[in-house]
Structures are given as structure tokens and as C-alpha cells.
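Read the structure below first, then the notes.
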Amino acid sequence: GQDGEGQEPSVGESVHGQDEGARSGPDGSAVAAQLLWSRSRGLVFSATHLPPLASDSTYQLWASGPGGTVSLGAMTADDHGRATLVQDTPPDVARPVLGLSLTAEPSGGVAQPSSRVAAAYRAPRPTP
């Protein structure tokens, strides 16, 4: 069909480190991030003000849903604390997505997130 017809719309969420007690970035600002996600078009995640990591570490993005926590991918921040992750085919995550987190992990990533959280977002609970 035509563009947008029969396809899931993009979902955009802002992920702010201060929501869950983030660390400060190189310039002292709180971590901030944005995620654009479409099951049919992929995902783009970008973050700013990330604290520097040791050379043997990386940032890893996670999505939590009813089926557990799934890695969306790993990325490295530049000297200014900026990082971007682009996935043409994001991993399958059971809906609804209940939260996102960005953790500091060993290079290459890990199977489950550690407690070294740089930023986190929890989806608001619907009101009755």
C-alpha cells in the first residue's frame, strides 16, 4: 500500500535520566535521550550528556515488557557524551513496553542488564 497505510505508526518517547536518578554527563547536565520506534521501520535512539565510560565498557539499551527485558543494542558515546543507536530490524519485545533503560556494560554487551543505570524511563500507568 501507500506509505503509512496499514503500518504501525512510529512511537516516540523521551527518556530523561532524572526520572530515575541519572548520573551527570561530561558537562554536569542530566542525561537526556529520545527513542523513535516502529516495528515496520526500525528504531533510532539518541542520548546526550552521557558520562564517559572506561575503554572496556559500552552503553546498552534495554526494553522491558511482560516477557522480560530485551537488549535493543549497544553503543559508544563520543567525547561530548552523545550516542546514537540505529536498528533497521529491532528485536521483538512483547507489548506493552513498560520501560526503557540505558546501562553501562562490558564491551560487546551482556545478556541481562546490570544495575549500572545511566538513564531510565517507565511508561505511565493508565488511570482507571
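The values are calculated or read from the model by the stated rules, or taken from the named source; none is laboratory data. Source: prediction; values computed, not measured. Reconstructed Cβ throughout: ideal geometry from the backbone, glycine too, with neighbour counts over all protein chains shown. What goes into the accessible areas is simple: the full protein's heavy atoms, side chains included, and nothing from ligands, DNA or RNA. Shrake-Rupley method; radii C 1.70, N 1.55, O 1.52, S 1.80 Å.
Structure data summary
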item: Cβ pairs under 6 Å, 6+ apart, first in segment 84-111 and under 18 Å from Ser46 (Cβ atoms), second open to solvent by less than 40 Å² (accessible area, probe 1.4 Å) and part of a loop (DSSP other than H, G, I, E, B); result: none
item: The one condition in (1) open to solvent by 70 Å² or more (accessible area, probe 1.4 Å); (2) without any contact (Cβ under 8 Å) to a residue 40 or more places away in the chain that His80 fails to fulfil; result: (2)
item: Subset of segment 94-119 [farther than 18 Å from Pro52 by Cβ and touching a Phe, Trp or Tyr at 6+ places or on another chain (Cβ under 9 Å)]; result: Val97, Gly99, Leu100, Ser101, Gln112, Pro113
item: Conditions (1) modelled with pLDDT under 80; (2) touching a Gly at 6+ places or on another chain (Cβ under 8 Å): number failed by Gly17; result: (2)
item: Options Ser38, Ser24, Ser29; residue that is over 15 Å from the mean Cα position of the chain (by Cα) and at pLDDT 55 or above; result: Ser29
item: Qualifying positions in segment 101-117 - out of contact with any Pro (no Cβ under 7 Å at 6 or more places or on another chain) and open to solvent by less than 10 Å² (accessible area, probe 1.4 Å); result: Leu102, Ala104, Glu105
